[in-house]
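Please read the structure below before turning to the comments.
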């Protein structure tokens, strides 16, 4: 579990500290890296690592287990365009989630996102991802049956 440095110094538990921990957790989940892994050197941390990669290098830092495998070779040309659109949508959602993680884990508590804003952003990401996704998911399940 991740805690802020303020907690480690005996400060009171706060909403800002919880937001920080949530941001670090998002970054850990989506990169597959831990803030304590030791691969961050020279004062760098997971927040800086992700911030420097956004948005151009997101594909390089996201945990590969989170990204669906490509099935283009076996797909028809019409399915390939749907898959490309889905990959693009997933890529945009990953960028958005990582941005939330970065903004929540800002060093300055005053610069962190508010929980209401986090919730609104996450719901918007969910809605974007699920747009047309339910029909694609159902189609895939029909083929598996």
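The values are calculated or read from the model by the stated rules, or taken from the named source; none is laboratory data. Note that the structure is a prediction, hence the values are computed from the model and not measured. Heads up, the Cβs are rebuilt from the backbone with ideal geometry, glycines too, and the neighbour counts pull from every protein chain shown.
Close Cβ contacts (under 9 Å, 6 or more residues apart or on different chains) running from residues in segment 98-114 that are at positive phi to residues that are outside any helix (DSSP H, G or I) and at pLDDT 95 or above are absent. Identify all residues within segment 89-132 that are exposed (fewer than 15 other Cβ atoms within 10 Å of the Cβ) and at pLDDT below 90; write none if there are none. 130, 131, 132 - these are the residues of segment 89-132 that are exposed (fewer than 15 other Cβ atoms within 10 Å of the Cβ) and at pLDDT below 90. Taking the conditions exactly as written (exposed (fewer than 14 other Cβ atoms within 10 Å of the Cβ) and modelled with pLDDT under 95), does residue 85 satisfy them or not? Criteria met by residue 85. Tell me which of these residue 32 doesn't satisfy, since it passes every other one: (1) within 19 Å of the chain's Cα centre (by Cα); (2) surrounded by 13 or more Cβ atoms within 10 Å (Cβ to Cβ); (3) at negative phi; (4) modelled with pLDDT of 75 or more. Failed condition: (3).
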